[in-house]
Amino acid sequence: MKKLIVFISGNGSNLQALIDACAQNALNAEIVLVVSNKPEAYGLQRAAQNNIPTLVKVKAKDQTREAYDRELLEEVKKYQPNFIVLAGWMRLLSNTFLQAFPHQVINIHPALPHAFAGINAIERAFLAFQQKQISHTGVMVHFVPDEGVDDGPVIAEQIVEIFEDDTLEMLSERMHQTEHRLLIAALKKLVN
Ligand code: GRF
């Protein structure tokens, strides 16, 4: 059984999809640790409810990104994960960290490759649709080989349609549902 560590910063609905897939044996994997850089992240409660160990690691004010990542690396290494899943993790990981886990760090992003990297990707796609710049958006799961933002070899991608009468809430809901399915499909490719 493969060992997963999931990094979150917030709600953790993708984490929940992973928890459920593991529990239902849809994924031959075990989540051995959930890491959050935010103590208030709701995903931490989801982990606790499922008896998954958690690590809250807040960056100290005077701490450099490198120093934070070195400490995080030491903690994470102890668990010997097969894969680290960035599921709404809102910090850029440095090469120091990433090079310790080649082909093992994966990210889910609510946009297609080379479109809307960075934050608020769903909102930006919704606006671009209204301005007739795009006809659809999508979701991707990709490896994180380096410090490039939402960029790296794609494991799975899925188009998500945008409709004329969509509200941002409707599109966001459709995007998140697609994410939950695609994340599990991508991980199945890697672990099963
Ligand atoms: C998702 O849209 C994910 O693609 C992005 O951040 C969001 C996290 O949502 N990177 P959740 O915390 O999994 O609910």
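Computed quantities for the displayed model
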item	result
Expected-Rg normalisation [2.2 N^0.38 Å, Cα atoms] applied to the chain	1.01
Cα gyration tensor shape for the stretch 31-91, rounded if a/c is under 1.5, else prolate or oblate	oblate
Stretchable slack from Ala67 to Gln130, in nm (0.36 nm times residue separation minus alpha-carbon distance)	18.4 nm
Considering only the chain, percent of DSSP beta bridges that pair antiparallel, nearest 5	40
Contact order normalised by residue count of the stretch 43-173, Cα under 8 Å, 6+ apart, percent	19
Three-way shape call for the stretch 1-104 based on the alpha-carbon gyration tensor, with the a/c threshold at 1.5	oblate
Span-rule helices in the chain, defined as complete DSSP H runs reaching 30 Å or more along the axis (Cα) with Kyte mean at least -1.0	168-191
Cα centroid of the stretch 1-21 to Cα centroid of the stretch 172-189, whole Å	12
MRE, 222 nm, helices only [DSSP H, n ≥ 4, -39500 (n - 2.57), over the chain, to nearest 500]	-11000 deg cm²/dmol
Peptide ranges 89-98, 60-69, 105-114 listed from the most packed, as the mean C-beta count within 10 angstrom indicates	105-114, 89-98, 60-69
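Read-outs throughout are calculated quantities, based only on the coordinates presented, and are distinct from any laboratory measurement. On a predicted model such as this, the values are computed, not experimentally measured, just so you know. A quick note on method: Cβ atoms are made from the backbone with ideal geometry, for glycine too, and the neighbour counts reach across all protein chains shown.
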